[in-house]
Amino acid sequence: MSVSEIPLAEGRATGGRGAEFRRGLAASTPVLLGIIPYALVLGAQAAQKGLSVAEVPLMTGLNFAGGSEFAAIQLWTSPPHVLLIAAITLLVNSRHFLMGAALAPFIRHLPKRQVFPALFLMCDESWAVGLADAQRRAAAGMRPAFSLPFYLAAGLSVYLAWVAFTACGAALGPVLGDVEKYGFAMAFPAVFLVLLRGMWKGFAAARPWLASLVVAALAYLLVPGAWYVAAGAVSGLAAAWFLAGET
């Protein structure tokens with residue numbers, strides 16, 4: 001099958017691109033309910049650091065990686081230490097190397113004009129939703145396993161919600177004051193617990209997650225800065241490699 005035939009075959013197998021797009025919107029809706037609160041928190045924190053209502057969505061829209069944006073805001077000064085912020089952003093976003101590698105086998109059939117926009121929309125939430133769906137479709141014998149309309153719907157909905165509600169947070173921050181006192185920050189770990197539950201395949205498969213968690217927690221407690229992100233990613237990858245041969 002040629003590359004040009006793949007989207008048509010996918011549409012026939014699943015009921016059409018429109019149906020797949022709607023399915024992606026439905027799958028991402030529960031995630032959006034968790035994204036909105038901590039988008040408001042980030043927007044409010046950015047406003048308290050002096051960023052304008054226009055600058056906040058510009059930052060979140062061009063970078064689109066919440067963890068690194070929270071880190072950047074914590075380091076923000078006037079004038080900002082640009083090199084330090086850039087280095088921390090790269091460090092925090094280093095997990096995207098592993099996320100992209102996990103997604104690569106499912107998108108290698110796509111042309112680059114479709115792959116690059118899809119990868120731009122890859123954040124923790126859209127990656128988890130898209131990868132879990134591709135794995136389910138592969139297990140069911142569907143080809144191609146990766147549904148681009150499904151993934152784009154999930155990614156676009158998360159992207160638009162993130163940009164819009166960080167802007168709302170920046171606008172409402174001066175009025176609400178410290179928004180963390182409302183408990184919005186709890187949405188961040190809650191979303192990730194839900195995503196992990198959706199990808200759970202048993203304790204044996206979760207051992208690399210546990211190794212990554214332990215190493216990241218120790219690095220967070222013992223090493224200054226955001227090195228715990230890279231430490232957790234590398235340790236999880238190493239654990240997966242060592243445990244790959246076990247049944």
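The values are calculated or read from the model by the stated rules, or taken from the named source; none is laboratory data. Every value quoted in this text rests on a predicted model; they were computed, and no experiment measured them. Virtual Cβ from ideal backbone geometry, glycine too; neighbours counted across all protein chains shown. For the accessible areas, the whole protein counts, side chains as well, though only heavy atoms, and no ligand, DNA or RNA atoms are used. Shrake-Rupley method; radii C 1.70, N 1.55, O 1.52, S 1.80 Å.
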What do you reckon, is residue 144 at pLDDT below 85 and part of a loop (DSSP other than H, G, I, E, B)?
no
Is it fair to say residue 42 is closer than 20 Å to residue 93 by Cβ, assigned to a helix (DSSP H, G or I) and open to solvent by less than 30 Å² (accessible area, probe 1.4 Å)?
yes
Only one of 179, 163 is within 15 Å of residue 43 (Cβ to Cβ), at pLDDT below 65 and open to solvent by less than 50 Å² (accessible area, probe 1.4 Å). Can you tell me which?
179
Between residues in segment 142-162 that are touching a residue at least 12 places away in the same chain (Cβ under 8 Å) and farther than 29 Å from residue 59 by Cβ and residues that are of a type in the set (D, E, K, R) and assigned to a loop (DSSP other than H, G, I, E, B), which pairs lie under 7 Å by C-beta distance while being six or more apart or on different chains?
none
Pick out the one residue from 83, 25, 62 that is at pLDDT below 90 and under 30 Å from residue 169 (Cα atoms).
83
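Which residues, taken from segment 45-60, are of a type outside the set (Lys, Arg) and open to solvent by 10 Å² or more (accessible area, probe 1.4 Å)? Explain how you work it out, then say what you get.
Step one: filter segment 45-60 for residues of a type outside the set (Lys, Arg), giving 45-48, 50-60.
Correct list: 45, 47, 48, 50, 51, 52, 53, 54, 55, 57, 58, 59.
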Could you look through segment 66-100, keep only residues that are among the small types (Gly, Ala, Ser), within 23 Å of residue 157 (Cα to Cα) and out of contact with any helix residue (DSSP H, G or I) (no Cβ under 6 Å at 6 or more places or on another chain), and pick out the one that is surrounded by the most Cβ atoms within 10 Å (Cβ to Cβ)?
66
Of the residues 212, 235, which single one is under 27 Å from residue 42 (Cβ atoms), open to solvent by less than 60 Å² (accessible area, probe 1.4 Å) and at pLDDT 75 or above?
212
Subset of segment 124-158, residues under 11 Å from the mean Cα position of the chain (by Cα) and surrounded by fewer than 20 Cβ atoms within 10 Å (Cβ to Cβ), comes to 124
